[in-house]
1. For every helix of n ≥ 4 consecutive DSSP H residues, a contribution of -39,500 (n - 2.57) applies; sum these over the chain, divide by its total residues, and give [θ] at 222 nm rounded to the nearest 500 deg cm²/dmol.
2. I need the peptides 153-163, 44-54, 273-283, 245-255 ranked by packing, meaning the mean over residues of other C-beta atoms within 10 angstrom, with the highest value on top.
3. What FRET efficiency would be calculated for the residue pair Phe284, Gln203, taking the C-beta separation as r and a Förster radius of 25 Å, to the nearest 0.05?
4. Just to be sure I understand: of the beta bridges DSSP finds with both ends in the chain, what percent are antiparallel, rounded to 5?
5. For Asn10 and Gln50, FRET efficiency with R0 = 45 Å and r from the beta-carbon atoms, rounded to 0.05?
6. Mean projection of the alpha-carbon convex hull of the chain over all orientations, in nm²?
7. Determine the shape class of the range 9-98: with a ≥ b ≥ c the square roots of the Cα gyration tensor eigenvalues, call it rounded for a/c under 1.5, and otherwise prolate if a/b is greater than b/c, oblate otherwise.
8. Under 28 Å from the Cα of Lys290, which lysines turn up, not counting those fewer than eight places away in the same chain?
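Every read-out reported here was derived from the displayed coordinates using simple, explicitly stated rules and does not represent laboratory data. None of these values were measured; they are calculated from a predicted model. Backbone-built Cβ (ideal geometry, glycine too); neighbour counts: all protein chains shown.
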Amino acid sequence: MRHQKYLNKNIADLSGQIAVVTGANSGLGFEVTRQLAYKGATVVMACRSQAKAEVAREKILRELPSAQLEVMAYDQADFRSIDRFVAALKQLHPRIHVLVCNAGIFNPPRKTELLPGLNLTLGTNFVGLYYLMREITPYLDQAGTPTRVIFVSSIAAYHVPGYRFDHVLGDNISTYEQYANSKLAIDRLFHVLAQGMNLFDFQDRKNVSFFLTHPGITATNITHYFPRWLTRLADFVLKVFVHMPEKAALTITRAAGAPYVFNGSYFVPRGLFEISGLPKKRAFPKRMVKGSGQFIYDVGKYLERIDR
């Protein structure tokens, strides 16, 4: 286990706690799962591919034979899958201590849509996440003891203006902008929930704390939609110049398992331009929350029309 010294010093003993990690079979989600399991948590690996999740589970068990790992089906691009996941989770566990919202995609074909007028990247990375939070937050809150929800954003969110929701729906912008907009939307959702705003789908939350992280730039499989030659080149550059997923994941693991962290905290890498490094806490940029209330309200109204 790399960074064992950091984990032992900064992350609490999580024995007896239930942690859910979406997108847990690869990349950051896999590394967060390893780190939380190392600290004693029972980790629910919520993944779209059951086969890949089982392979990832077996890989962790070879390293950590006593790890408590459960695999559940979860597809953030499918609202019905989210419904089934939440229902099954309620039956399996009376309460959840940690929810890591990591699942997402990057750079699918630009014209691909999740729903008519909703590009796949925004739909999967953000609208699906919003839907999950709408359905799962009452369950997380009802246990009467604290639950942490960790949103995984991206440094890309710094690079786009704070557009209104209707501006970012379509496929008439580049794939990178679609991705960056989806991550800024996550930042806005975090702000609304951490500030306790009672907007549309989200009522009072007494026992849930919300955290935001971004991992910097890391060498994960996020480039798998690229052409093969570009994927190989990008993977080489990432491995040489940025930190590896197990180090990048520490920002998420710190929010999930460190003692003495507080609702609304934002964790990023401490290195130059937040590209890499061990975690640090920083102030949330004010420009990134401008208009967040209206934005999240508009998302709720959009989903209301879909539900009909």
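1. -12500 deg cm²/dmol
2. Ranking, from highest mean packing down: 245-255, 44-54, 153-163, 273-283.
3. E(calc), rounded to 0.05, equals 0.60.
4. Restricted to the chain, the bridges split so that about 15 percent are antiparallel.
5. About 0.85, to the nearest 0.05.
6. Taking the Cα atoms of the chain, their convex hull projects to 14.8 nm² on average.
7. Because a/c hits 1.5 or more and a/b fails to exceed b/c, the range 9-98 counts as oblate.
8. Lys183, Lys206, Lys280, Lys281, Lys301
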